[in-house]
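Worksheet: one structure, shown below.
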Amino acid sequence: MTPELVLGTTWPVFIGFTVLCMCGCAAIIGISLARDWRPARHALPFALLLGVIDRVVVYGLFNGNLLSPGGAVIDLYCILMSALLAYHYTLSRQLARQYPWMYRRFLVFGWRRVRNRPARELPAKI
C-alpha cells in the first residue's frame, strides 16, 4: 500500500502541512479552551472544522485526494489528539498554579488533589 492510498496525499505533505500546521493550530485551540475553563468536548467541533479545512487545502494546493476516507480519519485523529493533549497539559498546569493548596501536578497531563493534613493543635494557655 502506498501512502497516497491511505493518507490521500504524500508523506511530506502529511508531515509538513497536517502535522506541523494543522496540529499546531489545534494545539493553540486546546490551549485557549483550557485557559477559558471550557470543557474538553468543545474541542471536537473545532477539530472537525480543522479536518475539513485540511482536506480542502491538501486537495487544492497539493493535488491530494479530497474524499479519501482513510486520510480524513487519520488527519482528524491527529488534529483532535493534539488539541486534547494541549488542553490537558494547559489545564493541569493552570490548576496547579492557581490552586496550589488543592492540586499538584501529576506526570505531564494530570493532577491530583492534595491530601488534607491534620491541623496542628495550638498550645494550651496556662
Total residues in region 1-58, condition more than 15 Å from Y89 (Cβ to Cβ) and among the small types (G, A, S): 4
Selection count, region 81-103, where residues are of a type in the set (F, W, Y) and under 17 Å from P45 (Cα atoms): 1
Residue within region 33-43 that is loosely packed, with under 12 Cβ neighbours inside 10 Å, at pLDDT below 95 and either over 15 Å from the mean Cα position of the chain (by Cα) or of a type in the set (V, I, T) (or both) present: no
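Rundown of residues vs (1) over 26 Å from L5 (Cα atoms); (2) open to solvent by less than 50 Å² (accessible area, probe 1.4 Å), yes/no style:
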| site | (1), (2) |
| --- | --- |
| I31 | yes, no |
| Y59 | no, no |
| N63 | no, no |
| L67 | no, no |
| I79 | no, yes |
Within region 7-27, considering residues that are surrounded by 14 or more Cβ atoms within 10 Å (Cβ to Cβ) and of a type in the set (V, I, T), the one nearest to G70 (Cα to Cα): T9
Residue under evaluation Y103, criteria (1) of a type in the set (F, W, Y); (2) in contact with a Phe, Trp or Tyr (Cβ under 6 Å, 6 or more places away or on another chain); (3) under 21 Å from M22 (Cα atoms), criterion not met: (3)
Residue in region 96-112 that is in a helix (DSSP H, G or I) and in contact (Cβ under 8 Å) with a residue 40 or more places away in the chain present: no
Restricting region 81-105 to residues that are hydrophobic (A, V, I, L, M, F, W, C) and open to solvent by 80 Å² or more (accessible area, probe 1.4 Å), the residue that is modelled with the highest pLDDT: L85
Single residue of R35, R97, R93 found to be among the basic types (K, R) and in contact with a strand residue (DSSP E or B) (Cβ under 8 Å, 6 or more places away or on another chain): R93
Any hit, region 67-85, residues being aromatic (F, W, Y) and more than 30 Å from R115 (Cβ to Cβ): yes
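The values are calculated or read from the model by the stated rules, or taken from the named source; none is laboratory data. These numbers were taken from a predicted model, which means no experiment stands behind them. Positions of Cβ are generated from backbone atoms using ideal geometry, with glycine treated the same way; all protein chains shown enter the neighbour counts. Just so you know, the surface numbers come from the protein's heavy atoms only, side chains and all, with ligands and any DNA or RNA stripped out. Shrake-Rupley method; radii C 1.70, N 1.55, O 1.52, S 1.80 Å.
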